[in-house]
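S.K.: So that we are looking at the same thing, I have put the structure below in structure tokens.
The values are calculated or read from the model by the stated rules, or taken from the named source; none is laboratory data. Quick caveat, the model's predicted, so the values are computed rather than measured. Here the Cβ positions follow ideal geometry from the backbone for every residue, glycine too, while neighbour counts run over all protein chains shown. In case anyone asks, the SASA skips ligands and DNA or RNA and just uses the protein heavy atoms, side chains included. Shrake-Rupley method; radii C 1.70, N 1.55, O 1.52, S 1.80 Å.
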Amino acid sequence: MFLLYTEKVRKLTTIAMLIALEILLSRFFSIATMTVKIGFSFLPIAVIAICYGPLAAGFGYAIADYIGATLFPIGPYFPGFTVTCFFCGIAYGIFLYRPGRTLGWPSVILAVITVLSLQLLLDTMWVVMLTGKGYIAVLPERVLKVVVMLPVQILCIQMVQRRVLPLVWKN
């Protein structure tokens, strides 16, 4: 009974630390304009997805976005971005959660393509709603962000998962 309780506490504190890291990376260590944000804030969410699955990653990403937007706003809070974060966390979890097994390249590639596609489609729609610019006017710089971040995210997640999995699944 006590062992089960300590595992739940360990899971909760690990997710909380990764949420805090995501907020730091997203709000302070990324390049952000009104229409595009480039950084490494995807990594803590990918680690949550790898270790704890889709729901933990989805809720963790949504909570991180809400807390980050509330405490350190870049612009006005808009719940659409939080919804996108939830779906992106779920997508990471669906492709990256393989308890006890190392992820292959196809899983990582599919996860990143799915997440970047969600961000491209949904976040572009939210930016258009907030700024009043046309969808086609905002799209080119957002497509450029996807092209730049695709190999970066694939390589970073692949490198991190090789370090994280032995620590998490050591039993």
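S.K.: Give me the percent of accessible area attributable to carbon and sulfur for the chain, probe 1.4 angstrom.
M.R.: Percent of accessible area from carbon and sulfur atoms in the chain: 75.
S.K.: I would also like to ask the following. Quick one: 3J(HN,Hα) in Hz for the range 9-17, Karplus 6.51/-1.76/1.60 with θ = phi - 60°, rounded, Gly and Pro as x.
M.R.: With the stated coefficients, the range 9-17 comes to 5, 4, 5, 4, 5, 5, 4, 4, 5 Hz.
S.K.: So with the 1.4 Å probe, I'd like the accessible area per residue for the chain, rounded to whole Å².
M.R.: On the way: 9500 Å² over 171 residues.
About 56 Å² of surface per residue is accessible.
S.K.: So what is the calculated 222 nm ellipticity per residue for the chain, using -39500 (n - 2.57) for each DSSP H run with n of 4 or more, over all residues, to the nearest 500 deg cm²/dmol?
M.R.: Result for the chain, helices only: -25500 deg cm²/dmol.
S.K.: I need to check one value: relative contact order of the chain, counting alpha carbon pairs closer than 8 Å and at least 6 residues apart, in percent. Show your work: numbers first, answer last.
M.R.: Numbers: 215 pairs, mean separation 38.1, N = 171.
About 22 percent, as a whole number.
S.K.: Right, next: Report Rg/Rh for the chain, rounded to two decimals, where Rg is the Cα radius of gyration and Rh the Kirkwood radius. Please report the intermediate quantities before stating the final value.
M.R.: Working: Rg = 16.2 Å, Rh = 16.4 Å.
That ratio equals 0.99.
S.K.: What's the magnitude of the charge dipole for the chain around its Cα centre, counting Lys and Arg as +1 and Asp and Glu as -1 at the beta-carbon? Answer in Debye, nearest 20. It would help to have the intermediate numbers written out before the result.
M.R.: Details: 13 positive and 5 negative charges, 88 e Å.
Dipole of the chain, to the nearest 20 debye: 420 debye.
S.K.: Between Val152, Pro73, Trp105, whose Cα lies farthest towards the positive end of the dipole of the chain when Lys and Arg beta carbons carry +1 and Asp and Glu beta carbons carry -1, centred on the Cα centre?
M.R.: The listed residue farthest towards the positive side: Trp105.
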